[in-house]
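Heads up, the thing below is written out as structure tokens.
The values are calculated or read from the model by the stated rules, or taken from the named source; none is laboratory data. For clarity, every value in this text was computed on a predicted model and none was experimentally measured. Reconstructed Cβ throughout: ideal geometry from the backbone, glycine too, with neighbour counts over all protein chains shown.
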Amino acid sequence: MIGDRLEIERLRHHEQRLRLTIRELRVRARSHSADGSVPDGLRRSLQDFERQLKAVRSRLRALEAKPA
């Protein structure tokens, strides 16, 4: 269905944005801490984005597995 294809494309785009955001947060976490620890606020943000990414990937897999 066209609606499913559009949703898959939207989810792929969202997945890409989340991956880039997570990568940026990880770099920021490493560069801002001399001892290698991650500040709590940054850790929580990272966990939230990782949770969102997991949900998006799960939804994407479900849509892609759906028969055409």
Can Asp4 be described as exposed (fewer than 11 other Cβ atoms within 10 Å of the Cβ) and not hydroxyl-bearing (Ser, Thr, Tyr)?
-> no
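Filter segment 9-68 down to the residues that are part of a loop (DSSP other than H, G, I, E, B) and small (Gly, Ala, Ser), then identify the one that is modelled with the highest pLDDT. Give the derivation first.
As a first pass, look at segment 9-68 and keep what is part of a loop (DSSP other than H, G, I, E, B): 33-39, 66-68.
Filter once more, so that each one left must be small (Gly, Ala, Ser): 33-34, 36-37, 68.
Values: Ser33: 67, Ala34: 70, Gly36: 67, Ser37: 73, Ala68: 63.
My answer is Ser37.
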The condition of being in contact with a Gly (Cβ under 8 Å, 6 or more places away or on another chain) and without any contact (Cβ under 8 Å) to a residue 24 or more places away in the chain holds, among Arg30, Arg44, only for Arg30
Any idea which of (1) of a type in the set (Asp, Glu); (2) more than 19 Å from the chain's Cα centre (by Cα); (3) over 30 Å from Pro67 (Cα atoms) is the one Asp4 doesn't satisfy?
-> (3)
